[in-house]
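Below: one structure, written as structure tokens.
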Amino acid sequence: MTGIVRTGFWLGVYLAAVLAPLGLLLVAPTPRGGGFWWDTAMGLGFAGLAMMGVQFLLTARFRRATAPFGIDVIYYFHRYLAYVLVAVLVAHPIILILINPAQRAYLNPLEAPVEMTAGTLSLFLLLALVVTSAWRKPLGIPYDGWRVAHLGLAVAAMALGFYHMWAIGYYSGTPVVRVVWALIGLSVLAVVFRVRLLRPWRLLRKPFRVREVREERGSSWTLAVEPEGHGGFTFEPGQFAWLTLRHSPFAMREHPFSIASGPSPDGRLEFTIKELGDFTRTVGEIEPGETAYADGPYGAFSIDRHPDAAGYVFIAGGIGVAPMASMLRALADREDPRPHTLFAAHSDWERIPLRDEFERLKGHLNLEVVHVLEEPPEGWSGETGWITHELLDRHLPENRDEMEYFICGPIPMIQKVEGFLGELGIPTSRVHTELFDLA
């Protein structure tokens, strides 16, 4: 299945899930005399409530469903659909008020029936959820606190919206429709149960033990963990996992990090983590022997998904070198003879995480490493500034269109590099990106 066909298929599945409740309205008995715009407003309300339910499914980390795209893409899809969801649900009351201005009274909780107030409150909670998510960093909201609030707002908004629809009963009073909506509501509850209770319980039974914490260049640390009393999990080089430290898996204090090590028979995992936020600034304080929990693997960013390439080109910015290290280490372990190129963009020479490791790997692989420095040291003869079209053209091999390309770093860098590769004639099907800023 090609990328376009695959994307079209899953978009079709999404639309079918969202529009299925509306399809019931075509066969179920409905009230008369509403009119086109009234029915449109009702339809938007039903569609919005269904979209809210699907949003829970998108972040439930179902591996088989997310495998074709990578969970990072699914999370970004979830993020942008939230804006569409808000637009749909805001249009629902606006249309009703335009039809009958007297319905503005329902916005007043002192005058409105309970079921109408529930709908209004659901919409306000949804708006609060989107605002605190979209502007979390500018508002200075800590990641861990935001995650707990995000779940609480989402569940409350869904529950109130569901009650609003159920209690009013307009278009949803027939037994068939009520059964379908009951199944939708139970499905959402099942997802929350699986994600917040069942999965943490399973993780609690399979702990990891911290074996090593070593300092790297560029305010980064490599944290090594090994499974305790179990075999760990197998992963493809380049994938990532959610890591929990100093907390129970039930505490919602997990953070996504790329696995920097290659697959190991003893289940050992290494994560190279840069000090960027409240949690990551404390990684250097972790002591060997502490308990950790790792939920993985996730992601489609791996050379193992593209084994027949003539070689691989890795383009990384900052800590985006972590998944590249995993893939290069795996290639070295496999004694891969193909030519590979690593472009590593950093601010200065002394802030390149895993720099020595990449030099070591040059002795085990047919590997060219191209460092690109914004602030080069005196006497530097390598590349400077930013990764550009001309820079890539200088270092890519003649058979560049037969290579597979992996890009990880800040989103602006990824977007520019994707454009440069397109200008150089690289097919988009050979370009793979990892978007590690999930929230």
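What FRET efficiency comes out for the pair F36/A112, r = Cβ-Cβ distance, R0 = 25 Å, nearest 0.05? So, using R0 = 25 Å, E works out to roughly 0.50. The orientation-averaged shadow of the Cα convex hull for the chain, equal to a quarter of the hull surface, comes to 24.6 nm².
For the chain, the Cβ-based charge dipole about the Cα centre amounts to some 2100 debye (Lys, Arg positive; Asp, Glu negative; other atoms uncharged).
Stretched out straight at 0.36 nm per residue, the stretch from H389 to L15 would grow longer than its current Cα-Cα span by 130.8 nm.
Which aspartates and glutamates, on any chain, are close to K137 with Cα under 12 Å apart, when same-chain ones fewer than 8 places away are left out? Straight-line reach from K137, under 12 Å: D278, D437.
Is any residue of region 219-263 close enough, with backbone N under 15 Å, to a label point placed 7 angstrom from the Cα of E290 along the Cα-Cβ axis, and if so, which? Correct set: 221-226, 243-249, 253-255. Over region 162-232, the pair-distance histogram of Cα-Cα distances with 5 Å bins from zero comes to 3, 13, 12, 11, 10, 9, 8, 7, 6, 7, 7, 5, 2 percent, rounded to whole numbers.
Express in % the proportion of alpha carbon pairs of region 306-434 at distances exceeding 27 Å. Summing the P(r) tail past 27 Å for region 306-434 gives 12 percent. Compared with the direct C-alpha span, the chain from R281 to L198 gains 26.9 nm at full extension, assuming 0.36 nm per residue. For the pair T428 and V130, a Förster radius of 45 Å applied to the C-beta separation gives a FRET efficiency near 0.90, rounded to the nearest 0.05.
For the peptides 384-395, 89-100, the ranking by packing is 89-100, 384-395, with the highest mean count of neighbouring Cβ atoms within 10 Å listed first. On the beta carbon distance between E357 and H247, with R0 = 41 Å, the FRET formula returns roughly 0.85.
Every number here is computed from the coordinates shown, using simple stated rules; none is lab data. It should be emphasised that the depicted structure is a prediction, and the values quoted were computed from it without experimental measurement. Counting neighbours? That spans all protein chains shown, and the Cβs are built from the backbone with ideal geometry, glycine included.
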